[in-house]
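J.: My structure is below; once you've seen it, I'll send some questions.
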Amino acid sequence: MDKSLYVAMTGARATLQAQGTVSHNLANVDTAGFKAALANTQAFRIPGAGFPSRIDAMHVDQGFDARVGAQRITGNALDVSLRDGRWLEVQAPDGGRAYTRAGELSLTPNGQLVSNGGHPVLDQNGNPMAIPPHQSLEIGSDGTISIVPQGEGPQTQAIVGRMRVVEVPRERLERGLDGLMRDTGATAGEPLPQAVGHSLASGALEGSNVDAAGALVQMIQLQRQFEMQVKVIRHGDENAQSANSLLRLGG
């Protein structure tokens with residue numbers, strides 16, 4: 001009897017964890033550049049002495065959905081939409097390198113260029129970018145930032161830096177708890193090469209690739225699955241109590 005209870009219990013736990021993943025996706029359905037998290041379950045045989053009859057239903061993090069989200073024209077010079085496979089390099093809270101496709105950039109009061117999460121955007125040399133006072137700004141398709149200095153004419157337009165945009169395979173990236181991606185490849189920790197050619201479009205944003213309707217359906221399915229597993233646990237407990245009663249009567 002304890003075998004069925006154990007299987008149902010681990011299944012209910014994995015279902016709750018999957019519901020947490022779907023809830024996280026739904027909460028970020030309007031977050032620019034967000035990639036939907038993927039979750040699944042798999043059977044895991046519990047090791048140990050004796051006959052291997054205990055099977056755990058284990059929650060598995062399958063990474064993220066790398067599909068490009070819908071494009072939205074904003075007209076804001078600081079909004080950028082990255083090409084498929086391109087990632088913007090930013091400075092993580094721990095000081096290391098991290099990657100994002102959230103192109104909703106902004107300037108701090110002291111002129112530092114940051115992502116929508118407040119993470120400093122790095123230049124092609126790996127340093128945080130600072131933009132001097134200006135009256136107009138333009139971001140090129142290769143990540144080059146040009147400005148017309150404050151109080152000057154259009155003929156004084158000058159390049160002040162180039163954002164570090166890299167091309168990295170999706171399977172090498174892993175999302176951290178802060179929502180940023182890290183490189184987990186063989187050269188993890190080493191700077192990735194700057195992407196060449198057309199890498200982004202300015203004045204536009206990539207939306208979240210979460211399918212809200214599909215996520216809601218998945219949430220309902222997971223809820224019904226959880227209820228079924230709880231019923232199995234309850235019925236197993238009732239059967240155990242009935243068996244104990246019969247044993248007492250037989251004694």
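Bear in mind these aren't lab numbers, they're just calculated from the coordinates by the rules spelled out. Model, not experiment: these values are computed from the prediction. Neighbour counts are summed over all protein chains in view; Cβ atoms, including those assigned to glycine, are modelled from backbone coordinates with ideal geometry.
J.: Given 0.36 nm per residue, what is the gain on full extension from residue 231 to residue 146 after removing their alpha carbon distance, in nm?
T.: Fully extending the segment from residue 231 to residue 146 adds 24.3 nm.
J.: Sum -39500 (n - 2.57) across every DSSP H segment of at least 4 residues in the chain, then divide by the residue count to get the 222 nm mean residue ellipticity, nearest 500.
T.: -9500 deg cm²/dmol
J.: Starting from the exponent 0.38 and prefactor 2.2 Å, build the expected Rg for the chain from its residue count and divide its actual Cα Rg by it.
T.: The reported ratio for this selection is 1.42.
J.: Can you compute the modelled spin-label distance between residue 178 and residue 223, with each label point 7 Å from Cα toward Cβ, in nm?
T.: Simple spin-label model gives 3.5 nm for this pair.
J.: Mind listing the phi-derived Karplus ³J(HN,Hα) values for the stretch 157-167, rounded to whole Hz, using 6.51, -1.76 and 1.60 with θ = phi - 60°, and x for any glycine or proline?
T.: Going residue by residue, I get 4, 9, 7, 10, x, 9, 5, 8, 10, 10, 10 Hz, with x marking Gly and Pro.
J.: Still on this model: Report the calculated FRET efficiency for residue 4 and residue 71 (r = Cβ-Cβ distance, R0 = 35 Å), to the nearest 0.05.
T.: Calculated transfer efficiency: 0.10.
J.: Can you report the principal axis dimensions of the stretch 71-206 using only the alpha carbons, biggest first, rounded to whole angstrom?
T.: Principal extents (Cα only, largest first): 48, 29, 23 Å.
J.: Starting with the fewest neighbours, write out 34, 44, 226 ranked by other beta-carbon atoms found within 10 Å of each beta-carbon.
T.: Taking fewest neighbouring Cβ atoms as first place, the list is 44, 226, 34.
J.: Assign unit charges at the C-beta atoms only (+1 for Lys and Arg, -1 for Asp and Glu), then state the dipole size of the chain relative to its Cα centre in Debye, rounded to the nearest 20.
T.: 880
J.: Quick one: net charge around residue 26, please, counting Lys, Arg +1 and Asp, Glu -1 for every other residue with C-beta under 15 Å from its C-beta.
T.: Summing Lys/Arg as +1 and Asp/Glu as -1 gives -2.
J.: Of 25, 239, 76, which is the most mobile in a GNM of the chain whose springs link Cα atoms less than 10 angstrom apart?
T.: 239
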